[in-house]
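Undergrad: First the structure, which I've put down as structure tokens, then a few questions once you've had a look.
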Amino acid sequence: MNKKIMDFRQRREKLNQIILDRDNVNIKRFFAIDTATYRGGALNAKTKELLGLVASTVLRCDDCITYHLDRCIEEKVSDDEFDEAMAIALIVGGSITIPHLRRAYELWTGGK
């Protein structure tokens, strides 16, 4: 797996644990809703992660893009599926998303 994604995953898990250890019920509820939303249902988890990736790209959140890229890898998104999702993000988000698109492709391809 891509070292940048692995480092991101480890840091994210550490920071999430710091937040959850504070034991704030509202934050825990929000985290639980977030987790539940991306589980398979009428839409499978793979499709939901692609939707999350597109939304994160349009919103220009690099941490969110990295998270959804990691999940897309886990959900076995193909290169063609990734390319189509990124095309949608570009059309919806416009040229301002191009720097985020570049970083997403760098992570997806391992910088090749």
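Undergrad: List pairs: first residue in the stretch 85-112 and over 24 Å from Thr47 (Cβ atoms), second residue surrounded by 11 or more Cβ atoms within 10 Å (Cβ to Cβ) and modelled with pLDDT of 95 or more anywhere in the structure, Cβ distance under 8 angstrom, at least six positions apart or on different chains.
TA: Ile96/Arg60; Ile98/Leu90
Undergrad: Cβ contacts < 7 Å: first residue without any contact (Cβ under 8 Å) to a residue 40 or more places away in the chain, restricted to the stretch 24-49; second residue of a type in the set (Gly, Ala, Ser), any location; separation 6+ or different chain. Result?
TA: Taking only residues 6 or more apart or on different chains, the pairs are Tyr38/Ala45; Tyr38/Gly52; Arg39/Ala45.
Undergrad: Next question. For Thr35, are the conditions met, namely being under 26 Å from Asn2 (Cα atoms), exposed (fewer than 15 other Cβ atoms within 10 Å of the Cβ) and among the β-branched types (Val, Ile, Thr)?
TA: Spelling it out, Thr35 is indeed under 26 Å from Asn2 (Cα atoms), exposed (fewer than 15 other Cβ atoms within 10 Å of the Cβ) and among the β-branched types (Val, Ile, Thr).
Undergrad: Further question on the same structure: Any residue in the stretch 89-104 that is of a type in the set (Gly, Ala, Ser) and outside any helix (DSSP H, G or I)?
TA: Yes.
Undergrad: A follow-up question, please. Could you list all residues from the stretch 71-92 that are surrounded by fewer than 20 Cβ atoms within 10 Å (Cβ to Cβ) and not aliphatic (A, V, I, L, M)?
TA: Scanning the stretch 71-92 gives Arg71, Glu74, Glu75, Lys76, Ser78, Asp79, Asp80, Glu81, Phe82, Asp83, Glu84.
The values are calculated or read from the model by the stated rules, or taken from the named source; none is laboratory data. Since we're looking at a predicted model, the values are computed, not measured. Note that we place each Cβ from the backbone using ideal geometry, even for glycine, and neighbour counts take in every protein chain shown.
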